[in-house]
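Q: One structure coming up, written as structure tokens, with questions to follow.
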């Protein structure tokens, strides 16, 4: 079973319904210019054989639930109606929280 299939299977197992979307993005390494690409600096990035895969589905409420398969299936949950703050004990979830917070501010 490949990583996309594993992600979809874990989603269905944990949440009890199938994912509607599965998205994969390659990892990358910057040979020069770390953190300068978004500041119009010089970079030389290339894809590597690591990746991020997410499976997702819409919900009927305003709750976000995420699970990290590579962190012993830890689950994070937060409301879109409350201020989004950092999670001290599950720092992996702060990436998701940060993206959601930024999207809310747009």
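Q: Just need a number here: residues in region 31-55 that are touching a helix residue (DSSP H, G or I) at 6+ places or on another chain (Cβ under 8 Å) and farther than 20 Å from residue 95 by Cα.
A: First, pick out the residues of region 31-55 that are touching a helix residue (DSSP H, G or I) at 6+ places or on another chain (Cβ under 8 Å): 43, 45, 51, 53-55.
Subset that is farther than 20 Å from residue 95 by Cα: 43, 45.
Of the residues in that region, 2 qualify.
Q: Residues of region 56-77 being more than 15 Å from residue 15 (Cα to Cα) and either in a helix (DSSP H, G or I) or touching a helix residue (DSSP H, G or I) at 6+ places or on another chain (Cβ under 9 Å) (or both), which ones?
A: Of everything in region 56-77, those that are more than 15 Å from residue 15 (Cα to Cα) and either in a helix (DSSP H, G or I) or touching a helix residue (DSSP H, G or I) at 6+ places or on another chain (Cβ under 9 Å) (or both) turn out to be 70, 71.
Q: Do any residues in region 12-29 that are modelled with pLDDT of 95 or more have Cβ atoms under 8 Å from those of residues that are loosely packed, with under 10 Cβ neighbours inside 10 Å and in a loop (DSSP other than H, G, I, E, B), where the two are at least six apart or on different chains, and which pairs are they?
A: 20/58
Q: If we scan region 2-12, do we find a residue that is touching a strand residue (DSSP E or B) at 6+ places or on another chain (Cβ under 6 Å), in a strand (DSSP E or B), at negative phi and surrounded by 13 or more Cβ atoms within 10 Å (Cβ to Cβ)? Explain how you work it out, then say what you get.
A: Here is the first cut: in region 2-12, the ones touching a strand residue (DSSP E or B) at 6+ places or on another chain (Cβ under 6 Å) are 3-4, 7-8, 11.
Subsequent filtering for residues that are in a strand (DSSP E or B) retains none.
No, region 2-12 contains no residue that is touching a strand residue (DSSP E or B) at 6+ places or on another chain (Cβ under 6 Å), in a strand (DSSP E or B), at negative phi and surrounded by 13 or more Cβ atoms within 10 Å (Cβ to Cβ).
Q: A follow-up question, please. Output the residues belonging to region 34-50 that are in contact (Cβ under 8 Å) with a residue 12 or more places away in the chain and surrounded by 13 or more Cβ atoms within 10 Å (Cβ to Cβ).
A: 43, 45
The values are calculated or read from the model by the stated rules, or taken from the named source; none is laboratory data. A quick note: this is a predicted structure, and the numbers were derived from the prediction, not measured. FYI the Cβ positions are ideal-geometry reconstructions off the backbone, even for glycines, and counts take in every protein chain you see.
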